Amino acid sequence: MDIYGQVVEKIITEQEKIIGPIALEQAKKVQGLTVDLQKHEVKISGNKKDVLQKLVEQYQHLFGQASVEVCKDAARDFVKKMPQGEVPSLIL
């Protein structure tokens, strides 16, 4: 799994700790994202940066800035490894 898939998996896992199964339901609504957490499979089609941004926006839309902060915390260790300029603005 590439770095973007790892970030997506970590974000969803951290959101699940707070909001439960709604986290996975919301992730499945994001266009370009296919997730099977039981198998640890995350597939991103299209622009990976945009899909990751849309995932964070999906949580933000429902649960506000607190969800964005959870996403930032979850992504913190991965952001350093991502190509410069390819990190979604919401998790910087």
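The values are calculated or read from the model by the stated rules, or taken from the named source; none is laboratory data. The structure displayed is predicted, hence computed values, not measured ones. We place every Cβ from the backbone using ideal geometry, glycine too, and count neighbours over all the protein chains shown. Quick note on the areas: whole protein, heavy atoms, side chains included, nothing else; ligands and nucleic acids left out. Shrake-Rupley method; radii C 1.70, N 1.55, O 1.52, S 1.80 Å.
Using a 1.4 Å probe on the protein heavy atoms only, what accessible surface does Lys81 show? Give it in Å² to the nearest 10.
Taking all protein chains as shown, Lys81 has close to 140 Å².
Quickly work out the Glu25-to-Lys43 label distance, labels modelled 7 Å from Cα along the C-beta direction, and quote it in nm with one decimal.
So the label points at Lys43 and Glu25 sit 2.4 nm apart.
Kindly report the accessible area of the chain per residue (heavy atoms of protein chains, probe 1.4 Å, no ligands, DNA or RNA), in Å².
58
Run the numbers for Asp36 and Gln84: contour at 0.36 nm per residue of separation, minus the present Cα-Cα distance, in nm.
Full extension from Asp36 to Gln84 adds 14.5 nm.
Taking all protein chains as present, what is the carbon and sulfur share of the accessible area of the chain, in % to the nearest whole number, probe 1.4 Å?
Carbon with sulfur: 49 percent of the solvent-accessible area.
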